[in-house]
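One structure is given below, encoded as structure tokens.
Derivation of every value follows stated rules applied to the coordinates shown; laboratory data play no part. The structure displayed is predicted, hence computed values, not measured ones. We place every Cβ from the backbone using ideal geometry, glycine too, and count neighbours over all the protein chains shown.
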């Protein structure tokens with residue numbers, strides 16, 4: 001007989017699945033309890049995190065009839081949790097990325113990015129630390145009474161495991177290459193499942209691309225003489241300037257050209273007069 005708490009858990013997860021437009025699955029591996037509490041507080045009013053047994057989660061997903069969330073089961077691997085929200089997937093991804101914090105590396109951690117040791121002074125007194133840094137593959141020397149990193153070096157590549165020696169060296173150098181925060185594995189919205197690479201957008205670059213595209217389209221419409229709400233004032237100004245140029249070239253007097261035409265013809269007359277005086 002199914003325990004009552006399991007029935008209640010399945011029902012609550014099912015309600016969350018049915019009543020939230022955006023459903024994310026996050027990786028909860030290596031997130032310490034205190035940091036998780038901080039994350040929950042930060043997300044209050046924006047999103048809700050729900051952890052449960054995978055068997056109960058899958059049962060709740062099977063009970064959902066109005067949404068096709070079946071594909072999300074493929075991402076229930078390892079330590080995971082649901083995140084329910086009204087934010088669209090792109091905004092959710094950006095929000096979680098922006099709210100990650102740095103943390104020291106531990107032996108066995110996987111590097112989220114290339115870990116590079118910069119050249120320069122460390123502020124560490126000479127002693128046993130030299131051996132520990134060298135064991136991590138970091139070239140050192142002594143300068144001005146402190147350990148000096150001889151040249152910039154990449155000690156771990158993205159995706160590689162961090163060894164005990166490197167973790168110790170990074171700790172001594174005060175470097176915190178790890179990130180603490182929620183990492184999305186997948187997000188569901190309107191029957192579509194997005195993975196992190198789908199959501200990782202360079203917003204500034206995208207904004208500049210949109211601006212450039214708008215400018216090219218505007219230039220094309222003006223050159224083609226195609227009238228739109230956005231270009232009508234520019235087209236009128238262009239037509240005005242072209243009409244004014246034609247009037248000036250043909251010396252056709254109008255209210256707008258008469259003063260300039262008189263000035264030009266006055267200069268021409270003075271030029272002729274000067275040449276006549278030279279001849280005479």
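Values computed for the structure shown
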{"read-out": "Relative contact order (%) - criterion: Cα under 8 Å, at least six apart; region: the stretch 103-226", "value": "30 percent"}
{"read-out": "The chain: relative contact order in percent, alpha carbon pairs under 8 Å with at least 6 residues between", "value": "20 percent"}
{"read-out": "Packing-based ranking, highest mean first, of 236-248, 200-212 given that Cβ atoms within 10 Å are counted", "value": "236-248, 200-212"}
{"read-out": "For the chain, calculated [θ]222 nm from helices alone, where every DSSP H run of n ≥ 4 adds -39500 (n - 2.57)", "value": "-14500 deg cm²/dmol"}
{"read-out": "Protection-proxy order for peptides 131-137, 27-33, each taking the mean of Cβ atoms within 10 Å per residue, highest first", "value": "131-137, 27-33"}
{"read-out": "D (Stokes-Einstein, µm²/s), Kirkwood Cα radius, the stretch 115-178, 1.567 mPa s at 4 °C", "value": "110 µm²/s"}
{"read-out": "Inter-centroid distance (Cα atoms) of the stretch 161-180 relative to the stretch 120-144, Å", "value": "15 Å"}
{"read-out": "Crossing angle, helix 203-224 versus the chain [Cα axis fit, 0-90 degrees, rounded to tens]", "value": "30 degrees"}
{"read-out": "Rounded if a/c under 1.5, otherwise prolate or oblate - the chain, Cα gyration tensor axes", "value": "oblate"}
{"read-out": "Using alpha-carbon coordinates, inclination of helix 89-98 to the longest axis of the chain, degrees", "value": "70 degrees"}
{"read-out": "C-alpha center-to-center spacing [the stretch 228-267, the stretch 9-71] in angstrom", "value": "68 Å"}
{"read-out": "Value of relative contact order over the stretch 81-160, rounded to a whole percent, pairs C-alpha under 8 Å and six or more apart", "value": "35 percent"}
{"read-out": "Angle in degrees between helix 33-43 and the longest Cα principal axis of the chain, rounded to the nearest 10", "value": "40 degrees"}
